[in-house]
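**Student:** Have a look at this one before I ask anything.
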Amino acid sequence: MEIKTVNTQKVLSPTQISLADYVINPYKGCEFGCLYCYAQENKNIDKNNFFDSLAVKINAPQILEKELRYKKPKRVLLGSTTECFPAQELNFKVTGKILEILNSKQIPYTILAKSHLIANYLELISKNPGNKIFFTFNFQSDELIRLFEKKSPVLKQRLQTIRKIIAARINLRVHIGPFIPYVSDLEKILKLIPKGVKEIDIELYHPKQGNFNQIIKAVRENVAEETSKKLEAVYRCEKNYREFIKNLKAKAESLNDYPNLKLYWINPAFNQFYNSQIKYT
Ligand code: SF4
């Protein structure tokens with residue numbers, strides 16, 4: 001992977017994602033290489049080398065301090081188009097410095113992550129009780145993680161991280177997303193998720209923006225041809241799509257035997273592109 005440092009002109013970007021009013025992405029590119037990655041479709045991103053190069057926005061903390069003199073975010077979302085805790089964060093600590101600045105100004109933030117390295121910053125994140133982590137846990141085996149999220153942390157690392165977040169008493173939502181029909185196994189995933197998790201959301205994969213053909217090919221060649229056919233059928237027409245969601249919801253409710261566990265759903269409409277206006281409850 002090519003690593004380069006860049007100077008950015010702007011750090012805080014207004015967003016329509018319902019989780020915050022501004023986003024920050026301390027890096028450009030992502031080493032995890034998820035086959036379904038929606039971020040690649042972002043208009044500001046060079047799709048051709050998104051997984052092969054990582055631009056470290058080295059001056060982001062300084063620019064953020066300047067911007068906060070005149071921008072007043074109510075909440076900031078970190079990691080909408082990158083992973084904020086890649087291996088390179090251990091050297092550059094750009095995300096860490098950003099979190100310190102937001103803490104010092106008492107601006108709450110929500111972090112989207114699937115890296116176990118977020119655990120290095122739990123003490124920092126816990127300083128503001130308004131902070132929240134959405135941590136991705138969407139497959140039940142390391143084989144599936146390697147197939148769909150080439151270089152991301154494996155099950156054991158993710159489960160340990162979830163336990164550490166719970167122990168640090170930080171608001172946590174486990175994000176089962178994208179949930180890939182007939183590949184992601186809800187029952188097995190829910191069984192793996194540690195006790196103590198109080199919120200889970202399930203975001204169904206949406207083919208309009210992810211790499212649907214590549215996903216079908218990966219499933220056909222590495223899971224089973226029959227599974228790839230069932231997966232294709234879900235997205236063949238709106239009726240199948242709705243039916244799948246209805247059955248999945250019923251199954252999820254029947255599997256949820258923890259009285260304090262809340263389930264949330266993020267399902268884009270069948271014919272709409274995945275977009276930033278989807279409501280995260
Ligand atoms: S971790 Fe997120 S940004 Fe990185 S490749 Fe995966 S989906 Fe894309």
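**Student:** Could we say that Asn7 is polar (S, T, N, Q) and within 13 Å of the ligand (Cβ to nearest atom) here? Full working, then the answer.
**Tutor:** Details: polar (S, T, N, Q): yes; within 13 Å of the ligand (Cβ to nearest atom): no.
No; evaluated as a whole, the condition is false for this residue.
**Student:** Would you check if Asp46 is under 23 Å from Lys132 (Cα atoms), more than 13 Å from the ligand (Cβ to nearest atom) and out of contact with any Phe, Trp or Tyr (no Cβ under 8 Å at 6 or more places or on another chain)? Show your work before the answer.
**Tutor:** Details: under 23 Å from Lys132 (Cα atoms): no; more than 13 Å from the ligand (Cβ to nearest atom): yes; out of contact with any Phe, Trp or Tyr (no Cβ under 8 Å at 6 or more places or on another chain): yes.
When the stated conditions are applied, Asp46 does not pass them.
**Student:** Yes or no: the range 41-56 includes at least one residue that is within 24 Å of Leu122 (Cα to Cα) and open to solvent by 30 Å² or more (accessible area, probe 1.4 Å).
**Tutor:** Checked against the condition, which is being within 24 Å of Leu122 (Cα to Cα) and open to solvent by 30 Å² or more (accessible area, probe 1.4 Å), the range 41-56 yields no hits at all.
**Student:** Still on this model: Quick one: count up the residues across the range 57-110 that are farther than 15 Å from Asn131 by Cα, of a type in the set (S, T, N, Q) and open to solvent by 90 Å² or more (accessible area, probe 1.4 Å).
**Tutor:** Qualifying residue count for the region: 2.
**Student:** Just one of (1) outside any helix (DSSP H, G or I); (2) open to solvent by 40 Å² or more (accessible area, probe 1.4 Å) trips up Asn138, so point out which.
**Tutor:** (2)
**Student:** Determine which member of the set Arg242, Arg220 is more than 22 Å from Lys198 (Cα to Cα), part of a helix (DSSP H, G or I) and at pLDDT below 95.
**Tutor:** Details: Arg220 fails: at pLDDT below 95.
So the residue among Arg242, Arg220 that is more than 22 Å from Lys198 (Cα to Cα), part of a helix (DSSP H, G or I) and at pLDDT below 95 is Arg242.
**Student:** Also, quick follow-up: Taking the range 227-242 as the region of interest, how many residues are open to solvent by 70 Å² or more (accessible area, probe 1.4 Å), touching a residue at least 12 places away in the same chain (Cβ under 8 Å) and within 12 Å of Pro181 (Cα to Cα)?
**Tutor:** The total comes to 2.
**Student:** Collect the residues in the range 155-181 that are closer than 28 Å to Glu243 by Cβ and open to solvent by 20 Å² or more (accessible area, probe 1.4 Å), keeping them in residue-number order. So that I can check it myself, show each step before the final result.
**Tutor:** Residues of the range 155-181 that are closer than 28 Å to Glu243 by Cβ, as a first pass: 173-181.
If the condition is that a residue be closer than 28 Å to Glu243 by Cβ and open to solvent by 20 Å² or more (accessible area, probe 1.4 Å), then His175 is the only one that fits.
**Student:** From Ser184, Ser152, grab the single residue that is under 14 Å from the mean Cα position of the chain (by Cα) and either at pLDDT 95 or above or surrounded by fewer than 16 Cβ atoms within 10 Å (Cβ to Cβ) (or both). Please lay out each step first, then the result.
**Tutor:** Values: Ser184 fails: under 14 Å from the mean Cα position of the chain (by Cα).
Answer to the check: Ser152.
**Student:** Of these, Lys74, Lys66, which one is charged (D, E, K, R) and closer than 25 Å to Asp201 by Cβ? Please lay out each step first, then the result.
**Tutor:** Working: Lys66 fails: closer than 25 Å to Asp201 by Cβ.
Selected residue: Lys74, the only one of Lys74, Lys66 that is charged (D, E, K, R) and closer than 25 Å to Asp201 by Cβ.
The values are calculated or read from the model by the stated rules, or taken from the named source; none is laboratory data. Everything quoted here is computed from the prediction, not taken from an experiment. Cβ atoms come from the backbone with ideal geometry, glycine included; neighbour counts cover every protein chain shown. Quick note on the areas: whole protein, heavy atoms, side chains included, nothing else; ligands and nucleic acids left out. Shrake-Rupley method; radii C 1.70, N 1.55, O 1.52, S 1.80 Å.
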